[in-house]
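The structure appears right after this line, and notes come after that.
The values are calculated or read from the model by the stated rules, or taken from the named source; none is laboratory data. Owing to the predicted nature of the structure, the values given are computational and were not obtained by experimental measurement. Virtual Cβ from ideal backbone geometry, glycine too; neighbours counted across all protein chains shown.
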């Protein structure tokens, strides 16, 4: 359990550092942060094609290998990825996320 808490804290610090530097240099445009429900309620972060989640029950990291727009007239995308998860109680495993992304603001 201590290992996963340290890993999650390291992930958060690294993610915040990278996204802050990249946002200042405007090198990486695909940095997104949000809230959601996956491993409990938590924070979702995206850098390029990698999605990360840190929640009440654990962490998850996924690589999105297919993402397509549902319709040209709306901001809905569907995606399929692959990755893994780790719970705070020590459980871990592989996952195949399938989801929908809705963009509210376009920058």
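Counting only strands (runs of 3 or more DSSP E) wholly contained in segment 52-107, the ones carrying 2 or more residues that are over 16 Å from residue 36 (Cα atoms) occupy 58-69, 76-87, 92-95. Quick one: is residue 84 modelled with pLDDT of 85 or more and more than 16 Å from the chain's Cα centre (by Cα)? Judged against the criteria, residue 84 is not a match. Restricting attention to segment 27-66, report how many residues are surrounded by fewer than 15 Cβ atoms within 10 Å (Cβ to Cβ), at pLDDT 90 or above and within 13 Å of residue 101 (Cα to Cα). The qualifying residues number 1.
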